[in-house]
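Novice: Sharing a structure with you now.
The values are calculated or read from the model by the stated rules, or taken from the named source; none is laboratory data. Bear in mind that the values here come from a model prediction, so they are computed numbers and not experimental data. Neighbour counts run over all protein chains shown; Cβ positions are idealised from the backbone, glycine included.
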Amino acid sequence: MLALLDTATGNVARLEPRDRGRLSVYLCGPTVSGSPHLGHGRANVIWDTLRRYLTWSGLEVRFVSNVTDIEDKIIARAAQENSSTAEVAARYEALWWDTMAALGVERPDAVPHATAYVDDMVGLVADLVTTGYAYQGGDGVYFSTESLPGYGLLARQDVGTLRAGARVEAERDAGKRSPLDFALWKLAAPGEPAWPSPWGPGRPGWHTECVVMSLDLLGEGFDLHLGGLDLAFPHHENERAQAVAAGKVFARRWAHNGMVVDERGEKMSKSLGNITSLPDLVARYGGRTLRALVLQVHYRSPMSVTAEALEQAQANVDRLDNFARETRDAGPAAPDPGMLARFRARLDDDFDTPGALAVVFAAVRDARAEPARAPALAAAVRECCEGAFGLRLWHEEAPLGPEVVALVARRDAARVNKDWAAADTIRGELQDMGLVVEDGPHGTVVRRER
Ligand SMILES: [Zn+2]
């Protein structure tokens, strides 16, 4: 069984599922107020790969990821565009799923939306007020972090240090008793979207939705809570604090992926002005190259997105495609068990995807050196890349051309989005080009009619 670093303890430990053979997983999803950025791409690709690997290993994985469709940034965007928050959220959610499909990220099993859970959130906040963990401030309801022993677990810093860091921000928010306290309910300003509550019309604070949704859809003591390292504190800590205060067993394990950095090693963020839009990068380099880029870096290390790193990712994909084509007619063979075992050993050790990629490339070299082993190694490489990594390989010759490649990618994206009408239309276009179109286990397979 896979071992992962648990952010709460700082130790690498095996995942022990709550229910035998099943793993319940929650990943914090997007706030749909703008275009997805590279950090979203990295987190969603690496955790999609974890989900695929565990499924490929025989576990039944239930994967839940939310959409925050009401939040300050969405309200600001709607005001700026003279539009509604519902319209803004729907537009950027559509862009989100298109981009995820292009990256080969599978849809979560459930996608709860914040606006569908407001009543449940009001219920949780009311409970926290009743039990004394929350209080009414000037413009809403706040969680009292000092009332909860052990607050700060995921930050892995003492509360005094955290409090000093939070003080600057708190000066702008006079309703709080302590700088670390956070809003559970925000009273609406005139004209803002609002839901009824015992404290007046308003909207939930961002940290509350994931608690309510994850416990509703995965149950108490679910197995694994995932997200980017920037979410560990305060977002995840604040989720955990509410669940603990409400007397619930929350996520049993936490894992966080590292940040995306620029060539100077600084975190990419809007304030640095170097943010690159994820859809733009997908359009320029293709989803497979970006997927390879994520896999060639350990999930906990910073990942730099540079022209050099992208070229290396492209070269890796090309090498794998070339090998798939070379061995296409090698005939059916059982995957080489030794290679599969080495691949699994790397991933089971804190999800070492660069190590697992190295095993794949070693198999490519071995197959060329020992042609007798090539069919079994080719079958193993295909299993690892397409089954476990979600990285589709091109088994056909290049003459199919970029137009066909683009159509196949669009059809696969349509199928991921369950847009069967679009998938059928694209199938027709490919058939009109004289191609045979099949639905393979990992997506559309096309070949020339013989
Ligand atoms: Zn969350």
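Novice: Among the residues of the stretch 59-113, write down those that are over 26 Å from Leu293 (Cα atoms), surrounded by fewer than 22 Cβ atoms within 10 Å (Cβ to Cβ) and small (Gly, Ala, Ser).
Specialist: Scanning the stretch 59-113 gives Ala76, Ala78, Ala79, Ser83, Ser84, Ala86, Ala90, Ala110.
Novice: Which residue is nearest to Ala126 (Cα to Cα), if the candidates are limited to the stretch 231-256 and must be away from the ligand (no atom under 13 Å from the Cβ), among the aliphatic types (A, V, I, L, M) and crowded, with 19+ Cβ neighbours inside 10 Å?
Specialist: Ala245
Table: residues versus (1) within 16 Å of the ligand (Cβ to nearest atom); (2) outside the structural domain of Gly29 (by TED's automatic domain parsing); (3) crowded, with 21+ Cβ neighbours inside 10 Å.
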| residue | (1), (2), (3) |
| --- | --- |
| Asp181 | no, no, yes |
| Ala189 | no, no, no |
| Val212 | yes, no, yes |
| His225 | yes, no, yes |
| Leu229 | yes, no, no |
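Novice: Mind listing whichever residues of the stretch 103-147 are closer than 22 Å to Val64 by Cα and of a type in the set (A, V, I, L, M, F, W, C)?
Specialist: Passing the criteria: Leu103, Val105, Ala110, Val111, Ala114, Ala116, Val118, Met121, Val122, Leu124.
Novice: Just a yes or no: is a residue in the stretch 63-70 within 16 Å of the ligand (Cβ to nearest atom) and at pLDDT below 95?
Specialist: No; the residues of the stretch 63-70 include none that is within 16 Å of the ligand (Cβ to nearest atom) and at pLDDT below 95.
Novice: Name every residue in the stretch 195-210 that is buried (at least 20 other Cβ atoms within 10 Å of the Cβ) and either within 15 Å of Ile70 (Cα to Cα) or free of Cβ contacts under 8 Å to residues at least 40 places away in the same chain (or both), in order of residue number.
Specialist: If the condition is that a residue be buried (at least 20 other Cβ atoms within 10 Å of the Cβ) and either within 15 Å of Ile70 (Cα to Cα) or free of Cβ contacts under 8 Å to residues at least 40 places away in the same chain (or both), then Gly202, Arg203, Pro204, Gly205, Trp206, His207, Thr208, Glu209, Cys210 are the ones that fit.
Novice: For the stretch 108-115, indicate whether the set of residues that are hydroxyl-bearing (Ser, Thr, Tyr), in the same structural domain as Asp223 (by TED's automatic domain parsing), assigned to a helix (DSSP H, G or I) and out of contact with any His (no Cβ under 8 Å at 6 or more places or on another chain) is non-empty.
Specialist: Yes, that holds for at least one residue.
Novice: Quick check on the stretch 164-173. Is at least one of its residues within 28 Å of Arg62 (Cβ to Cβ) and in the same structural domain as Val64 (by TED's automatic domain parsing)?
Specialist: No - not one qualifying residue is present in the stretch 164-173.
Novice: Right, something else. Residues of the stretch 37-60 being within 16 Å of the ligand (Cβ to nearest atom) and under 15 Å from Ala102 (Cβ atoms), which ones?
Specialist: Those that are within 16 Å of the ligand (Cβ to nearest atom) and under 15 Å from Ala102 (Cβ atoms): His40, Asn44.
Novice: Quick one: Glu16 ticks every box in (1) under 18 Å from Gly104 (Cβ atoms); (2) more than 16 Å from the ligand (Cβ to nearest atom) except a single one, so which number is it?
Specialist: (1)
Novice: Mind listing just one residue for me: the one in the stretch 6-31 that is farther than 28 Å from Arg392 by Cα and of a type in the set (A, V, I, L, M) and, of those, surrounded by the most Cβ atoms within 10 Å (Cβ to Cβ)?
Specialist: Ala8
Novice: Against the condition modelled with pLDDT of 90 or more and not in a loop (DSSP other than H, G, I, E, B), how does Ala166 come out, does it pass?
Specialist: No.
Novice: Assess whether Arg62 counts as being of a type in the set (Lys, Arg) and in a strand (DSSP E or B).
Specialist: yes
Novice: Something else: Given (1) of a type outside the set (Val, Ile, Thr); (2) more than 23 Å from Gly21 (Cα to Cα); (3) modelled with pLDDT of 95 or more, where does Glu263 come up short, assuming only one miss?
Specialist: (3)
Novice: In the stretch 358-390, which residue that is over 29 Å from the mean Cα position of the chain (by Cα) and basic (Lys, Arg) is farthest from Arg52 (Cα to Cα)?
Specialist: That would be Arg368.
Novice: Oh, and also: Just to verify a result, which residue in the stretch 130-158, among those that are free of Cβ contacts under 8 Å to residues at least 40 places away in the same chain and not polar (S, T, N, Q), is surrounded by the fewest Cβ atoms within 10 Å (Cβ to Cβ)?
Specialist: Pro149
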